[in-house]
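Here the structure comes first, spelled out in structure tokens, and everything after it is commentary.
The values are calculated or read from the model by the stated rules, or taken from the named source; none is laboratory data. Here the structure is a predicted model, which means the values were calculated and not measured. FYI the Cβ positions are ideal-geometry reconstructions off the backbone, even for glycines, and counts take in every protein chain you see. All accessible areas refer to the heavy atoms of the entire protein, side chains included, with ligands and DNA or RNA removed. Shrake-Rupley method; radii C 1.70, N 1.55, O 1.52, S 1.80 Å.
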Amino acid sequence: MNIEHLRAFLWLRWRIRVNQAKRAGTLNSVLTAILAIAGLVVSAALFVAGIVLGAAVMPELSSSVRLYVWDGIVLAFLFTWMIGLLADLQRSEGLALDKVLQLPVSPAGAYLVNYLSSFFSLTLVLFLPGMTGLILGQVYHAGAEMLLALPLLAAFVLAVTALTYQFQGWLSAMMVNPRRRRLVIVLFTSVFILLSQLPNLLNLIRPWDSTVADGNEVTRRQTELREQFQAGGISPEEYLRRNQEVTQEVAAARLQQVSETGTEVESITRLVNSVIPPGWLPLGAADLAVGHVLPALLGGCGLALIGVGSLWRGYRATVRMYTAGGTGSDRRRKVVAVAIRPDAKARMVEWRLPWVSEYASVVAMAGLRSLLRAPEAKMMLIVPVVALGPMAAAFFTIKTHSFPVPDWVGPLVAVWVVGFLLGITMQLAANLFGYDRDGFRAFVLSPAPRREILLGKNLALAPLILGLGALVGIGIGFAFGIRFDQILATLIQLLMMYLPYCLIGNTCAILAPFAVPSGSLKGARPGLSVVLSQLVAMIAFMFLVGLPGMIPAGVEAILAEAADMHGLPVSLVLSLISLGISVWIYRRLLNWQGRLLAEREQTILTTVTSRSD
Amino acid sequence: MSLAIETRQLTRTFGDFRAVDGIDLQVERGTFYGFLGPNGAGKSTTIKMLTGLLAPTRGEINVLGRNMLDRTQALDAKRHVGVVPENLALFDQLNAREYLTFIGRMHLLPRDTIRTRTSELLSLLDLTDEENKLALEYSHGMRKKLALAAALIAAPELLFLDEPFEGVDAVTSRVIRDLLAGFVARGSTVFLTSHVLDLVEKLCTHVGIVVQGKLVEQAAMAEIRAGGTLEDKFLKAAGANATDSPKLDWLEAPPS
């Protein structure tokens, strides 16, 4: 390994990025260039801003606030670093070592060069100058020992990059099997999405917040006072004085609580920073500002050890993988002789659905089989879970604080949430063929009438979408304690909305398909028209289906409130009527969509089978 | 003369580039037709148009007596045709048995027939041990074999094969050759593209050579052989001459 190899690797990474930008079109290239220049400018600006903040603002802050500032910076750094890692994982064409090991480079050299060249990431370019500036700025007030934070920062970067690199090496060993590769991507993405939603959920639930409880206490005591005053038990002066006392008592108690919470938060933060390695940088840097050197020294040594250890382990795993040709374990592949079984069944794909043609039946069952295994579908189904999280949190807040909810709200909320759920999964329905990739060729080559293919595709999605919708609808129904016929009406409304949902999805899938790299939800360079079509499909669903879908529950609510007609299954009856209309429209339009698919299938094939990087 | 494939002035352009330029193909039923040409000559584009994967810019296509530009007739023709396209047509998330069941059902075969034929095809193509793997876990050669099994499962009258031997091991290659020979012997038709001239010369009864989108030669193998080897004919048609190829002095010099 020599400097020429490092330069060649850097050049390779650079060319891959440039070519990716070029292939994405001129506009994308220009935007990428602008972003790159902006990144460098921002990086320089952050360095200067760091120095200014470090010199002028940080010394004015208390020790605990300085710790929070560093924690915030480190969290932001790790968050953007994770996004970069996620993008690298999803990229189908990475810079794997096996592409260069046939060249005159030793595995150790290739490993090290590849690791060093991975340093040129946007996160490091943006964060490192700012963090360096912040340390240098504090030297003026905190003295020369603050400079110890620089090796601490270097050790932090080494630990993060080396751990990431080791993790990527481990993943690449895991992902030699493409099936496992997709599973790893799904799991990693899901964990990342769920983790990034945690602060949002915590903020919504606010388990530490007693504002509402305080408000309820004030209201209760003020009501008592008012009742006493109205009953003539106390004079107006007494009423005013005691009313003011109540407010002041609650405010004082609240201040006390805030102060106690602050101390508690600080001690918890220090503990967390001491235990979790990324926290050693904030802890060391914050303590250096008050002259405590030991945390920085220990933290620096610890992080450096983690970094070097990770690099060593990663290197050994990589070498094992390339020399042993596997994950490094000694497990040998079992060779199992499989007897020929003429009666062996393909189980699910053989199932025949009632009331539909053989074509629709097989397309539905093969489609469902694929969807149940496809990581994209699993990732897509995480989206509603994540989106429904804040709603569940809001509902939890309502329940815990016992806000009065009128009876007619429950059925409306159930239908609305079910409709919302369909809306946010529209991406799956609106690109039905994008996830088939080369498999779509089988449809084009098949003798099946195209209407039947669409029907089969819609049926394939039904268990996933309707199943999730039914689960949510029933859950909300029980949570709000709505009547059985109203729950039934919600399920019928779900079915009613599903049919136009499919029609809108089919139209979009036929007119504006896009290729999706395997194991990813992100389209491969979808054009503006495609993005707009997807957006229009979602909006169209919300307005043309979602809002009308609420009519039955709405009518029942109006009748209950305005005409005092309670307990009548109005929503159920209206839902059945609207389902009938929906089925009629679906059957009519599906014929037309079948013809449209036949006209456009070759264009769709070209699009969905286009390779992406 | 009963034709399995007939095209008239078949043309396909991509922007200004004319990939296929007015091809008039005539493939008789019961023949083993080799469609040859250098890289980028338009072979795959032609096969895509013949099978309905790509719309022609101009021209007419008749497959098994059906007009492929008429949607109803094209669907009817597809019931009797098997295809191994260039980039295959596999669903990554289905295993071999599931995929063959899917294709069999799309041709409305009875379940028992599908099961029996699937087992026989998997066994013949040495995929039985791997039938529970998903298509995405298959090697290129295994994917090719699975695609071939799918093309054969409905016992079609006409088989389109785009580079069927590419990436396939020697043993399986022999099995496929024997299978295709038997397939043609029963009166069915095979239309294949291949770069392996020896193999084409052994297997095919008729040959068409396409160069830069134009059909420059179309004849029975016996006629081709009468004027020399297929390779000579091909190189001549492609405008290449082995003796005139440029030399690289630095590769011919002794190693330093």
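Computed over chain B, the alpha-carbon pair-distance distribution with 5 angstrom bins reads 1, 6, 13, 16, 18, 16, 12, 8, 5, 3, 1, 1, 0, 0, each value a whole percent. Placing a pseudo-label 7 Å from each Cα along the Cα-to-Cβ vector at A:LEU271 and A:LEU372 gives an inter-label distance of 4.6 nm.
For the protein assembly as shown, give the magnitude of the charge dipole about the Cα centre (Cβ charges: +1 Lys/Arg, -1 Asp/Glu; no others), in debye to the nearest 20.
Values: 78 positive and 69 negative charges, 384 e Å.
Dipole of the protein assembly as shown, to the nearest 20 debye: 1840 debye.
What percent do you get for the relative contact order of the range B:1-131 when only Cα pairs under 8 Å and 6+ apart count?
RCO, the range B:1-131: 20 percent.
Solvent-accessible area lost on pairing A with B (1.4 Å probe, both sides summed) amounts to about 4200 Å².
Solvent exposure of the range A:7-67, expressed per residue, is 65 Å² of accessible area, with all protein chains present and a 1.4 angstrom probe. Per residue, the range A:348-608 exposes 40 Å² of accessible surface when a 1.4 Å probe is rolled over the protein heavy atoms with every protein chain present. Roughly how tilted is helix B:111-124, in degrees to the nearest 10 and between 0 and 90, from the longest Cα axis of chain B? Relative to chain B, helix B:111-124 is tipped by roughly 40 degrees. Convex hull volume of the Cα atoms of the range B:97-187, normalised per residue: 97 Å³.
Can you tell me the FRET efficiency between A:GLU599 and B:THR13 if r is taken as the Cβ-Cβ distance and R0 is 22 Å, rounded to the nearest 0.05? Efficiency for this residue pair is about 0.65. Note on B:ASN67/A:MET391: beta-carbon distance plugged into 1/(1 + (r/R0)^6) with R0 of 56 Å gives a FRET efficiency of 0.50. With the convex hull constructed from alpha-carbon coordinates only, the range A:218-273 shows a mean projected area of 4.2 nm² over all directions.
Put simply, the amide H of B:PHE35, placed in the peptide plane, has neighbours under 5 Å in B:LEU192, B:THR193, B:SER194, B:GLY208, leaving out anything fewer than 5 places away on its chain. May I ask for the angle, rounded to the nearest 10°, between helix B:140-152 and the longest principal axis of chain B, with both axes built from Cα atoms and the value confined to 0 to 90°? Rounded to the nearest ten degrees, it is 60. Relative to the longest principal axis of the Cα atoms of chain B, the long axis of helix B:170-185 lies at roughly 80 degrees. Taking label points 7 Å from Cα along the Cα-to-Cβ direction, A:ILE585 and B:VAL196 give a separation of 5.7 nm. Remark: spin-label model distance A:GLU264-A:LEU547 equals 4.7 nm, labels positioned 7 Å along the Cα→Cβ axis. Amide H contacts under 5 Å for B:LEU159: B:GLY82, B:THR189, B:VAL190, B:PHE191, restricted to partners 5 or more places along the chain or on a different chain, H placed in the peptide plane at 1.01 Å from N. Remark: mean inter-chain Cβ contacts per residue of A:449-455 equal 1, using a 10 Å Cβ-Cβ cutoff to other protein chain atoms.
Derived scalar couplings between HN and Hα for the range B:215-220 equal 7, 9, 8, 8, 7, 6 Hz in order, rounded to whole Hz, by the Karplus curve 6.51 cos²θ - 1.76 cosθ + 1.60 (θ = phi - 60°), x for Gly and Pro. Surface analysis of the range B:134-245 yields an accessible area of 42 Å² per residue, using protein heavy atoms and a 1.4 Å probe. The H on the amide N of B:ARG12, modeled in the peptide plane, is under 5 Å from the matching H of B:ALA19, B:VAL20, B:ASP21, B:GLY22, B:THR57, each at least 5 residues off or on a different chain.
Averaging over all projection directions, the Cα-based convex hull of the range A:348-608 occupies 14.5 nm² in the image plane. Would you work out what percent of the accessible area of the range A:475-545, with all protein chains in place, is carbon or sulfur (probe 1.4 Å)? Ligands and nucleic acids excluded, carbon and sulfur give 80 percent. For the residue pairs B:LYS144/B:LYS214; B:LYS78/B:LYS144; B:LYS145/B:LYS247; A:LYS457/B:LYS145; B:LYS48/B:LYS202, alpha carbon separations beyond 32 Å are given by B:LYS145/B:LYS247. Debye-formula intensities of the range A:515-613, expressed as log10 I(q)/I(0) at q = 0.11, 0.21 Å⁻¹, are -0.59, -1.14 (one equal scatterer per alpha-carbon, no solvent). Using the Karplus relation 6.51 cos²θ - 1.76 cosθ + 1.60 with θ = phi - 60°, the per-residue 3J(HN,Hα) values for the range A:132-149 come to 4, x, 4, 5, 4, x, 7, 4, 4, 8, 8, x, 5, 5, 4, 5, 4, 5 Hz, with x marking Gly and Pro.
Residues of the range B:95-116 that lose at least 50 Å² of accessible area (1.4 Å probe, protein heavy atoms only) when the other protein chains are present, relative to their chain alone, are B:ARG97, B:GLU98, B:PHE102, B:ARG105, B:MET106, B:LEU108, B:ARG111, B:ARG115. Dividing the convex hull volume of the alpha-carbon atoms in the protein assembly as shown by its residue count gives 229 Å³ per residue. With θ set to phi - 60°, apply the Karplus curve 6.51 cos²θ - 1.76 cosθ + 1.60 along the range B:17-26 and write out the HN-Hα couplings as whole Hz, x wherever there is a Gly or Pro. Computed from phi, the couplings for the range B:17-26 are 8, 9, 6, 10, 10, x, 7, 10, 9, 9 Hz. Each Lys and Arg contributes +1 and each Asp and Glu -1, all at the Cβ; summed about the Cα centre of the range A:348-608, the dipole is approximately 760 debye.
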